[in-house]
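Read the figures in this text as sums done on the coordinates, not as results from a lab. All figures in this text were calculated on a predicted structure; none of them were measured in a lab. Positions of Cβ are generated from backbone atoms using ideal geometry, with glycine treated the same way; all protein chains shown enter the neighbour counts.
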Amino acid sequence: MKAHIVVIGGGASGLIAAIRLKQLNANVTLIERNNKLGKKILATGNGRCNFTNVLATEQDYNRPNFVKETFDQFGVKDTISFFESLGIIPKTEELGKTYPLSEQASSMTDVLIYEVKRLGVNLLLETSVIDIKKGKTFSLKLSSGKTMEADKVILSTGGKAMPLSGSDGSGYQLATNLGHHMTDIFPALVKLELESPHLKHMDGVKFKGEATLIHNNHILQVEQGDILFTKYGISGPTILQLSRKANALLLDYQTIFIKVQLINGIDEKRVMDRFLMLERKTIEDGLVGLIHKKLIKSVLKEVGIFEHTLIKDIPNKQLNKLVKLLFDWRFKVIGSKDFDDAQVTAGGIVVEEINPKTLESNLVRGLYFTGEIIDIDGLCGGYNLQWAWSSGYVAATHAGGLND
Ligand SMILES: Cc1cc2nc3c(=O)[nH]c(=O)nc-3n(C[C@H](O)[C@H](O)[C@H](O)COP(=O)(O)OP(=O)(O)OC[C@H]3O[C@@H](n4cnc5c(N)ncnc54)[C@H](O)[C@@H]3O)c2cc1C
C-alpha cells in the first residue's frame, strides 16, 4: 500500500507541497483549519502577490547556508517555471519584485487550488490538527475529535504573522510536543514605534527619502524609498526592511535609532544657498517646496526656531542646525507593531534540528518542515513566499520518495 502523507496547513508552502507529492503519485491529505485554502496569499503584495524576486539568493535570508541547500534544488527560476506551467505569466518590476501579470493575488490561489483539486489531493478543510503523536506511524488528533494516521507528516503551519489568516503559531506547539525546539520569535517586516513629540502632527506624511538604522552610533542598514510617518511611529517599505534588525536589537534591550533623511538628490550646501537666496522670507515660507508642508512646523520646533522668523534674522549656528536636521533626523525606536501587523515571523524551529537537504526532522523520522515555521525569514519583496515555494517543493520531493 502507498504511504499516506499528510500536509498540515494549506498556505503557500503546504499547497505547493501537496501538488508536488501528487505529481510523485503519493497518497496525500491536506489539512487546513480555514474553510478555504491560501487565505494569506490573498493579502500578499497589497493584493497583487509579490510571489518571488528574480534577484533572490540565499544571502537575502537570515540563514543563508541552510537556504542554499533548498534553493540549489528548487530556486527562483524553477518557481517561475512551476507557476508558468499552471498558467501564471510573471511580471517583474523594480528591484526584481515579481507578480502575476493579472496583478491579482487571487490568480495565484486560483491556479494552486485548481491543481490541488485536479490532481485529487484529499482535502480536509475547517479542521485543525491539535496534537501529533509518533509511534510506528504518526497519529494526528483533529479538532473534529477524530484521529488520522499518517506515515509521514509535512508541517506547513506557518509562523505567527497575521494570525487572522490561520497561522497563529499553533504549529510550534505541534513541533515542540514532538521534541523540537524553537528560537525566540518576533514580528519582522513590521511598522516601528518611535519616541517623538511630533508624531501627531506628522501623521500621514509620505515622502521618498532615506532611512538608516543606527546602534551605538554605527550604521547597521540603510534603505531608500517611501517613508510614512504615522501617529505611533514610522512605516513604508524602507522601514519594513529595517524592522527585522531593529526588533532583534530591541529584544536584546539595545537602544536604537532611525535616522531619517528628509531631503534627497541635493546636498546641504545647495539647501543653505537656497535659504540665503530667500533670506527675506520667513523660515516657514522658506521651507515650502523643500520638504512636505506638514513637516515644517515639527522640524522648526525640533531645532527651536520660531516659524515666523525671517531667514536673515536666524543666527548661522541655528540655520546650520536646521540644515543638518533635514539630512539627519534621529528618532529613538521604542517598539514595533505586533504579529497582527507583521508580514513575517523571525525565528522558529531551530535549523540545527532539520536536515537542510531534505527538510526532514533530524529528531523524528518522517516529519518534514516547510515555510515560515522554520527559523528562516527574508527581506521584503517576494523573498518569503520564495522560501515557502522552495521549501514546500523540496520537502515534498523527499517525503514523496525522490532524491533520498
Ligand atoms: C499582509 C502580508 C503580506 C505579505 N506579502 C508578501 C509578499 O508580497 N511577498 C512575499 O514573499 N511574502 C509576503 N508575505 C509573507 C508570506 O505570505 C509568508 O511568508 C508565507 O505565506 C508563509 O507561507 P507558509 O506556508 O509557511 O505559511 P502560511 O501561508 O501562513 O500558511 C499556513 C497555513 O497553515 C494553516 N494552519 C496553521 N496551523 C494549523 C493547524 N494546527 N491545523 C491546520 N491548519 C493550520 C493556516 O490556517 C494557514 O493557512 C506577506 C505576509 C503578510 C501577512
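Quick notes on this structure:
- Taking amide H as placed 1.01 Å from N in the peptide plane, V7 has its amide H under 5 Å from the amide H of T29, L30, I31, I154, each at least 5 places away in sequence or on another chain.
- Note on the stretch 91-181: Rg/Rh from C-alpha atoms, Kirkwood Rh, equals 1.07.
- Alpha carbon Rg of the chain, scaled by the compact-globule rule 2.2 N^0.38 Å: 1.16
- Nearby aspartates and glutamates by direct alpha-carbon distance to K160 (threshold 13 angstrom, same-chain neighbours under 8 apart not counted): D168, D184, D338, D340, D341, E372, D375, D377
- Tensor-based shape of the stretch 192-336 (alpha-carbon gyration tensor, a/c under 1.5 rounded, otherwise prolate or oblate): prolate
- Over the stretch 253-374 - Rg/Rh using Cα atoms and the Kirkwood inverse-distance radius: 1.34
- For G335, distant residues with modelled amide H under 5 Å away: E193
- Karplus-derived HN-Hα couplings along the stretch 164-181 (A = 6.51, B = -1.76, C = 1.60, θ = phi - 60°), whole Hz, x at Gly and Pro: 4, 7, x, 8, 9, x, 5, x, 4, 5, 4, 6, 5, 4, 8, x, 7, 10
- Expressed as a fraction of 2.2 N^0.38 Å, the value expected for a compact globular protein of N residues, the C-alpha radius of gyration of the stretch 104-241 is 1.52.
- Measuring nothing but alpha carbons in the stretch 306-404 and taking Rh as the Kirkwood radius, the Rg to Rh ratio lands at 1.41.
- Debye equation applied to the C-alpha atoms of the stretch 69-126, log10 I(q)/I(0) at 0.13, 0.20, 0.28, 0.29 Å⁻¹: -0.43, -0.87, -1.14, -1.16
- For the cross-link pairs K91/K293; K22/K134; K297/K317, the ones whose C-alpha atoms lie over 31 Å apart are K91/K293.
- Cα gyration tensor shape for the stretch 14-58, rounded if a/c is under 1.5, else prolate or oblate: oblate
- Restricting the calculation to Cα atoms, the stretch 163-222 yields a radius of gyration followed by a Dmax of 18.4, 51 Å.
- Cβ-derived FRET efficiency at R0 22 Å, N362 paired with L95, nearest 0.05: 0.05
- Projected label points at N46 and K317, each 7 Å from Cα along the beta carbon direction, are separated by 4.5 nanometres.
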